[in-house]
Amino acid sequence: MYTNKSLNKVRVWDLPTRIFHWTLALCVLGLAITGTLGGDAMVWHFWFGYSVLALLLFRVIWGLVGGRWSRFGAFIYGPQSVISYLKGQGKPEHGVGHSPIGAVSVFALLGASLAQVGTGLFSDDEVAFAGPLTRFVSNATVSLSTHYHAHIGKWLLLGLIALHIAAILFYLRRKHNLVGAMLHGDKALVVAAPSARDDAVSRGLALLILAACAALAYWVSGLATPPAF
């Protein structure tokens with residue numbers, strides 16, 4: 001049995017990753033509410049969508065240059081690792097960052113979120129609101145994007161979020177608090193592991209990347225109105 005003295009406190013989730021996680025959760029909640037309300041709330045729906053676009057662009061870049069355990073390379077597992085983990089044959093290092101199953105969940109959520117936001121940019125409700133990129137593609141593409149965004153992608157994303165929450169509760173019952181680590185960034189581990197870089201320099205870099213991503217998302221939002229000549 002391990003005592004507190006035998007545990008290693010490791011900074012796993014850097015501050016930019018934690019802020020991304022919770023901000024994305026709030027924005028997705030805002031998208032779900034405003035999309036359901038419709039009407040004038042769709043104005044907010046679009047702005048939540050642009051915010052999510054900026055956040056996802058940031059996460060893709062941060063997955064390449066961010067903290068040690070936030071990088072995609074830290075949680076890309078082969079099929080055998082996933083199968084072994086499901087059989088209860090996981091390795092101690094799987095408990096540092098994302099486990100093989102957690103990695104599958106993360107990539108699924110990121111992929112579904114990108115698909116949902118991407119199709120939203122090409123969607124048109126044929127009433128009052130249209131995505132900023134609809135004028136660049138055919139009506140068939142707009143129709144297909146709108147159908148996926150409203151009738152498939154939304155439920156796929158909500159289903160994945162429900163599974164994600166269920167997994168968190170499952171691990172919580174097993175005395176493994178995943179939420180706490182995503183709040184304060186640290187984990188108490190029975191194995192030695194390098195801490196993620198989380199200093200002023202890395203946080204400043206994250207801020208610059210986020211600003212660039214926000215600027216790009218804002219530029220995309222402006223494409224909804226044809227330029228005046």
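Modelled spin-label separation between Lys87 and Arg174, with each label point placed 7 Å from Cα along the Cα-to-Cβ direction: 1.7 nm. According to the calculation over all Cα-Cα pairs in the chain, the P(r) per 10 Å bin from zero is 7, 29, 31, 20, 9, 2, 0, 0 %. Karplus-based coupling profile of segment 158-166, in residue order and whole Hz: 5, x, 5, 5, 4, 5, 4, 5, 4, with θ = phi - 60° in 6.51 cos²θ - 1.76 cosθ + 1.60 and x standing for Gly or Pro.
On a 0 to 90 degree scale, rounded to 10, what angle separates helix 100-120 from the longest Cα axis of the chain? Compared with the principal axis, the helix lies near 10 degrees.
Note on the chain: Lys pairs 8 or more places apart or on different chains, Cα atoms under 29 Å apart, count 12. With the cut-off at under 17 Å, measuring from each backbone N in segment 5-39 to a point 7 Å along the Cα-to-Cβ line of Leu183 picks out 12-15, 18-23, 25-26.
Applied to segment 189-198, the Karplus parametrisation 6.51 cos²θ - 1.76 cosθ + 1.60 on θ = phi - 60° returns per-residue 3J(HN,Hα) values of 10, 8, 10, 6, 8, x, 7, 6, 5, 8 Hz, with x for Gly and Pro. Computed over the chain, the per-residue total of -39500 (n - 2.57) for DSSP H runs of n ≥ 4 gives a 222 nm mean residue ellipticity of -19500 deg cm²/dmol, rounded to 500. Gain on full extension, evaluated as 0.36 nm per residue between Trp155 and Arg203 minus their Cα-Cα distance, stands at 13.9 nm. If you plug the beta carbon distance of Leu223 and His147 into 1/(1 + (r/R0)^6) with R0 = 22 Å, you get a FRET efficiency near 0.50.
Compared with the direct C-alpha span, the chain from Val60 to Ala128 gains 21.3 nm at full extension, assuming 0.36 nm per residue. Each residue of segment 172-179 was assigned a 3J(HN,Hα) from its phi angle through the Karplus expression (A = 6.51, B = -1.76, C = 1.60, θ = phi - 60°), giving 5, 5, 9, 6, 10, 7, 6, 5 Hz with x at Gly and Pro. For Asp124, the amide hydrogen comes within under 5 Å of the amide hydrogens of Gly131, Thr146, counting only partners 5 or more places away or on other chains and with H modelled in the peptide plane. Close amide-amide hydrogen proximity is noted between Leu189 and Asn8, Lys9, Val10, each under 5 Å apart and 5 or more residues distant or on a separate chain (H modeled in the peptide plane; Pro and chain starts excluded). The modelled label-to-label distance between Val190 and Leu26, using points 7 Å beyond Cα along the C-beta direction, is 3.7 nm.
Quick note: the coordinates plus some simple rules give every number you see, no bench work behind them. What you see is a predicted model, and the numbers here were worked out from it, not measured in a lab. Cβ sites come from the backbone with ideal geometry, for glycine too, and all protein chains shown count toward neighbours.
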